[in-house]
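This report concerns only the one structure given below.
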Amino acid sequence: MIHLRDVARVYSAGETAVHALAGVSLDIDRGEFVAIMGQSGSGKSTLMNIIGLLDRPTAGEYRLGERDVSRLPEDARARLRGRGFGFVFQSYNLLPRMTALEQVELPLIYQGAPDRRRRAAEALVRVGLADRIRHVPTELSGGEQQRVALARSLVVNPLVLLADEPTGALDTATGEELMRLLTALVDEQGLTVVLVTHEAEVATHARRTVRMRDGRIIEDTGARAGARAGGTAS
Amino acid sequence: MSLADAFRITLRAIFANRLRSALTSLGLVIGVSSVIVLIAVGQGTQQGVTDRIHGLGTDLIFIESSRAATTSQAGGIAGLAETTLFQGDAEAIEAAGIPGVVAVAAQVSVEAHAVAGSENVGVEAVATSSRYADVRDLEVASGTFITPRDDEGRGLVAVIGSRVAETLYPEVEPVGQEVRLSFVGGRLILPFTVIGVLEEQGGANEVNDQVFVSLEGMAQRLRFLFTPTGDVRVTRIDVQTASGIDEDRVKEDISNVLLYRREAIEPDFTIQSQDDLLKAATEVSTTLSILLGSIAGISLLVGGIGVMNIMLVSVTERTREIGIRRAVGATAADIVKQFVMEALTLSLFGGIAGIAIGVGLSVAVDGRELGGQQLTMLIQPWSVVAAFFVAAGVGLASGSYPAYRATTIDPIAALRME
């Protein structure tokens, strides 16, 4: 479903150019649970941003399904981002003063989707927060907040769930709980998850691990022939 | 995103920061209300002046000495010695038989205090001839106006305006009573016999507060009013003309009569018709309205800058929120919509509150006295409508740039913010 071919992302910072991604090829299929690992600066977050259409590659090709999305204009990317991807961040990124239900409704508002209340409530039930629907972030624990964020990303029935260090701000037990929830969503509902982390322990939940260093993939436990050729060529 | 959803987001943001929102709107409340109030003051003043000029009568021409002291100035009596206009001028104009001239009356008017028994009232004392009743179309309610015999005689007779009569003689019939007029702060007090009371005049008419006395009688007491040749100095000559005549022509004829009498080329007098006065007054009050409106406009501009300032701060503060909204699918247009609508709503809140306060204030002070002047407020519907649309325009203008700034925020960086 996700096909990246020789994707590069160069940031120009004054005179010097920073090669955050230096030619990455990667294929991810529906229902996969992929962990992208690497140290900070390895390019794993940049890769996630490009997959989630928050960022654009400076070179290379990105196809989502049959569609080339590497050169989409900003508005089309925004719409596709809202419908196709769900994001979970280390710092939850919930809006202050909004109830859990309103947080989860947000993506549906921008889609102009009908039946928002019910769908948002259902998503909260899926993550086990049926009794926290009316709570605002300050009334929720870290784990609960992260599950609200998870519900917000699930409510649009995304093609891919992108999680950037989702357990980074949680204690071990709560983090473990969240990972089990994610695993269950993959196993039982066929969700596709791309998990970015630097913790090996967290990555063990994934079925496939992609290791990155200096903007390149150095190891991919689930790469197929075509992708491997692209990823290891340089 | 639908407009209803955008409006819901707007209301939430505004109510989340109640105090800040209220203070932001306050700038526009003050701006809009001052526009409405100041335009009402300007227009009300114009209306008042116009009414006064109309109240003088119709088809009048006024001749004044270029050097005459005006009635209301302190020491008005002493200033009379300066005047270059005479009773003889009035008689000459009447005798010249200028086509269109109906009646001519000279007058000296000074401020005075009228005293009768224990009552007293400030009045304008007008020393004039019997012709004045024809010029100004005055009718007496009782007694008579100054008669031709009074024009010749030395008697001190007075005809009083209706309001003067009510104040001085609440119980008795004024005709036949004595009224004392006190000039120059009491340094000259003369006793007069009331021979008539004028009918009440409607509108903003000065006649109700005037006391008319015989010019000849006054001159006998104030010898300095006489010139060496026996003429009487006056401050003004009023000419009643037939309606529908060419006023400019009459003015020119009068001017020629006066110049001939003076054997002069340069006039030492001014001749103005009622239309001239109206034009001058309208010019003054239009300038006043524009000036007041501009001052109010500046406060509206300042209010708009306040809105933009707060919106810029708000965008910076909500960088992370913008990032989150972008991540869940908000387009640049959605973000623009959100911030423009927020600025627009704040401005319209301010605009509507400003209209309410401006109209309320105008109604409340209408007719009140301020520094001895009665305030006339004339609320202009167009000023209310204009204020509303200006507020809306201010909202759009001051929301646009911050909204544009909001769209330039990089969602990736915004989401990384701790």
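The residue that is nearest to the chain's Cα centre (by Cα), counting only those in segment B:304-352 that are among the charged types (D, E, K, R) and within 14 Å of chain A (Cβ to nearest Cβ), is B:LYS337.
Might you let me know whether segment A:31-41 holds any residue that is assigned to a loop (DSSP other than H, G, I, E, B), at pLDDT 90 or above and over 18 Å from A:THR221 (Cβ atoms)? Looking for residues that are assigned to a loop (DSSP other than H, G, I, E, B), at pLDDT 90 or above and over 18 Å from A:THR221 (Cβ atoms), one finds none in segment A:31-41, hence no. Residues that are touching a residue at least 24 places away in the same chain (Cβ under 8 Å), among the small types (Gly, Ala, Ser) and open to solvent by 60 Å² or more (accessible area, probe 1.4 Å) within segment B:186-205 comprise just one, B:GLY203. Residue check: B:SER362 meets all listed conditions (1) open to solvent by less than 80 Å² (accessible area, probe 1.4 Å); (2) more than 16 Å from the chain's Cα centre (by Cα); (3) more than 14 Å from chain A (Cβ to nearest Cβ); (4) not aliphatic (A, V, I, L, M) but one, namely (2). Scanning segment B:223-234 for residues that are within 18 Å of B:VAL110 (Cβ to Cβ) and in contact with a helix residue (DSSP H, G or I) (Cβ under 7 Å, 6 or more places away or on another chain) yields a total of 6.
A:ARG9 meets all of the listed conditions (1) assigned to a strand (DSSP E or B); (2) open to solvent by 30 Å² or more (accessible area, probe 1.4 Å); (3) of a type in the set (D, E, K, R); (4) more than 14 Å from chain B (Cβ to nearest Cβ) but one, namely (4). Scanning segment B:240-275 for residues that are without any contact (Cβ under 8 Å) to a residue 40 or more places away in the chain, in the same structural domain as B:VAL101 (by TED's automatic domain parsing) and assigned to a helix (DSSP H, G or I) returns B:ASP248, B:GLU252, B:SER255, B:ASN256, B:LEU259, B:TYR260, B:ARG262. In the set B:ILE355, B:ILE322, only one residue is assigned by TED's automatic domain parsing to the domain that holds B:ASN17, farther than 25 Å from B:ALA40 by Cβ and crowded, with 19+ Cβ neighbours inside 10 Å; that residue is B:ILE322. Scanning segment A:52-106 for residues that are at positive phi, more than 7 Å from chain B (Cβ to nearest Cβ) and surrounded by fewer than 18 Cβ atoms within 10 Å (Cβ to Cβ) turns up just one, A:GLY65. Against the numbered list (1) of a type in the set (Gly, Ala, Ser); (2) surrounded by fewer than 19 Cβ atoms within 10 Å (Cβ to Cβ); (3) farther than 30 Å from A:GLU105 by Cα, B:SER400 comes up short only at (3). For a quick check of your reading of the model, give me the residue pairs whose first member lies in segment B:147-169 and is assigned by TED's automatic domain parsing to the domain that holds B:ARG136 and open to solvent by 20 Å² or more (accessible area, probe 1.4 Å), whose second is hydroxyl-bearing (Ser, Thr, Tyr) and not in a strand (DSSP E or B), with beta-carbon atoms closer than 7 Å and at least 6 apart or on different chains. Hits for this filter: B:THR147/B:SER130; B:PRO148/B:SER130; B:ASP150/B:SER130; B:ASP151/B:SER129; B:ASP151/B:SER130. One residue is enough: does segment B:118-127 have a residue meeting the conditions in contact with a Gly (Cβ under 7 Å, 6 or more places away or on another chain) and either at pLDDT below 90 or within 18 Å of B:GLU178 (Cα to Cα) (or both)? The answer is no; no qualifying residue exists.
Applying the criterion of being open to solvent by less than 30 Å² (accessible area, probe 1.4 Å) and of a type in the set (A, V, I, L, M) to the residues of segment B:122-141, the residue that is farthest from B:GLU173 (Cα to Cα) is B:VAL135.
The values are calculated or read from the model by the stated rules, or taken from the named source; none is laboratory data. The structure displayed is predicted, hence computed values, not measured ones. Note that we place each Cβ from the backbone using ideal geometry, even for glycine, and neighbour counts take in every protein chain shown. Accessible surface is based on the protein model in full, side chains and every heavy atom, while ligands, DNA and RNA are left aside. Shrake-Rupley method; radii C 1.70, N 1.55, O 1.52, S 1.80 Å.
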